1. Among A:525-531, A:209-215, how do they line up from the highest to the lowest mean number of other beta-carbon atoms within 10 Å?
2. For a 23 Å ceiling on Cα separation, which of these pairs sit above it: A:Lys543/A:Lys578; A:Lys382/A:Lys431; A:Lys336/A:Lys382; A:Lys460/A:Lys526?
3. Between A:Met395 and A:Tyr515, with labels modelled 7 Å along Cα→Cβ, what's the label distance in nm to one decimal, could you check?
4. Sticking with the crude label model, points 7 Å out along Cα→Cβ, report the distance from A:Arg123 to A:Glu143 in nm, one decimal please.
5. By how many nm would the segment from A:Tyr576 to A:Asn495 grow when fully extended, if each residue of separation counts as 0.36 nm and the alpha-carbon distance is taken off?
6. Under 18 Å between alpha carbons: how many lysine pairs meet that in region A:141-269, if sequence neighbours fewer than 8 apart on the same chain are excluded?
7. Between A:Asp552 and A:Ala308, what's the calculated FRET efficiency when r is the beta-carbon distance and R0 is 45 Å? Round to 0.05.
8. Compute the Rg/Rh shape ratio of region A:191-257: radius of gyration over Kirkwood radius, all on alpha-carbon atoms.
Amino acid sequence: MQSVSVASLESNILLRILSNSFQTLDSIKDRISHIFADFFSSKPFHIHLIRTRYGYMDDTKTSSIRNQCELSENDNRRKPSDGDKGDCSVAVFNVLDAMLKDTLDRLKTMRQSISWDHIGSKRCAFETKYNRDVTIIRALCLEGKLGVALSLWHMMIQRSVIPDIITHNYLIKGFCKSGELDKAEWLVGEMLIKGPSPNCATYNTLIKGYCLLNNIDRALNLFSTMTNSGITPNRITCNIIVHALCKKGLVEDARKLLEKILGDTHLKDTSNLITSTILMDASFKNGDINQAFTYWEEIFHRSLPVDAVAYNVVIHGFCLSRDIVIAYKYVCEMLKIGFHPDIFSYNILIGTLCKEGWIDEACYIYTVMSKMGVFPDQITYKMIIQGLCFHGNVMKAYEFLCDMLDDSILPEPLIWNVIIDGYGRCGNMQKALSIRDQMIAVGVLPNTFTYNALIHAQIKCGNIFEAHSLKKEMLLSGPFPDLVTYNLLMGAACNLGYINSVLQLYDEMIRGGYYPDIITCTELIKCYCIQGKLEQAEDLLVKLQTLSLQVDHVPYRILMKKYCKMRELDKAFEIYQKWLVRNS
DNA sequence: GCCTCATCGA
């Protein structure tokens, strides 16, 4: 059945191509006949047209067309004047006829090659379709187009064709990555019913899916399920679980569990580079450098083949403990034993240098990596641009943004936003707005952070009206304002003494379903102080203390200042004592 | 062939 449907489909396509060819031929010839009407009014030409149009069913007829064409060609050559036009049109017809003949030949060959009852060709067609379908499913899964992938899976199942285990694992991985664990589990259920039976990789994928969702209990549960179903967990299963526990900071639990698993499952290799790397990374991140170093030495002691990832973990580990000199030492060691520092190694160094404020050094590493043939990525640029903006060098940050565009890397919104914010902070409103426009022009949509940066900039420049217009724009066409948007506007209104505006904004914010934070409440306390409603201000402060909000010194200072201004020093001291109690 | 480790984050 497979080969029959493929054959008829291909044959239909060819017939359609052929039919289109005739239509095209007709239209070309009609046009030519119109242009060269003077030269093509003779009877043989019309016969030629008629034959060309209808005489296409067999080779005899095609050859008659060819003969006719040659005849007309000869006829035209005999024309006494304007021979060029005649030659040209004949040549066109010759080409068109050759195309027609070629199409007919291809159809004939195709039909001959299709043997309707040949079993070998049936199998071949079936395999071709099967391979095509599973390849498409896998590709769709990698692209995250799971709905279409699953539809194709359904279509195969309906034809009683079962995709292989690997294709099923691709689908499960896709669902796990998109957090649709219910669908992933359903598919495993289908595999248990229809086949193929889930293998170790299937369970590993599912276990990792649950670990990514932080559901380690279910992951461990699946670990038992696979063991009970007779599938022995492998080293990868262990590493997935160890990694998940380490990410939660439970290094010791991970190690104990690993020992237990290794004891129970009799895994031959008692040590493994990836397991050691995971444990070493977690120890560094927990601040336990000694333990991390023990894992590192163990790798060499057991003669495990070390890789670039392990080196990057060590480099990052020492960067975390702000020991950049030792980190550099390991970069050199890495080079010495033949591993080239990769994008991770360079990004780790650049990130650390930027955090430490050594921006020039970070920029130097940026030039080194490019010379070493490692090209900066979105993360490299993000760290350098953020570092430069944070240290006030927005101009240079913008140059890096231009470099990104030159390198055809589309900067993500965060990068545009830190530059907009950078220009806003130094009061360059015009540049901030022009960067926003450029961002839109290259196809990156402004988000809430973009608007907040612009609102902040407008407020800083004293353009409170423009700041409000931006918020209106957000409400009308999105992105929606957030708590920061309201806090910025409330703060500005409060500083200008526009009490009604503060209260209006607060009201709008509450109606919008936002929960006020410590900044909102501080602005309200400031507002009550300006109005002289000190009782309300103190009530709010008491309320703040009962809530689990992180209250800083600012609201206390505002109230103290107000009482001092009113020369009510006893009250001011009372507030000061409250603050001391709070901080004791 | 499918499943394991490392960098960034207003």
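1. On the way: A:525-531: 21.4, A:209-215: 17.6.
Top of the packing list down: A:525-531, A:209-215.
2. On the way: A:Lys543/A:Lys578 13 Å; A:Lys382/A:Lys431 20 Å; A:Lys336/A:Lys382 30 Å; A:Lys460/A:Lys526 19 Å.
Where the Cα-Cα span goes over 23 Å, the pairs concerned are A:Lys336/A:Lys382.
3. 4.5
4. Placing both labels 7 Å beyond Cα along the Cβ direction yields 3.3 nm.
5. On the way: separation 81, 0.36 × 81 = 29.16 nm, distance 2.34 nm.
Here the segment from A:Tyr576 to A:Asn495 would lengthen by 26.8 nm.
6. 15
7. Details: r = 44 Å, r/R0 = 0.98.
For R0 = 45 Å, the calculated efficiency reads 0.50.
8. Numbers: Rg = 12.1 Å, Rh = 12.1 Å.
Answer for region A:191-257: 1.00.
The values are calculated or read from the model by the stated rules, or taken from the named source; none is laboratory data. In this text, all values refer to a predicted model and were calculated from it rather than measured experimentally. No Cβ is skipped: glycine too gets one built from the backbone with ideal geometry, and neighbour counts run over all protein chains shown. For the accessible areas, the whole protein counts, side chains as well, though only heavy atoms, and no ligand, DNA or RNA atoms are used. Shrake-Rupley method; radii C 1.70, N 1.55, O 1.52, S 1.80 Å.
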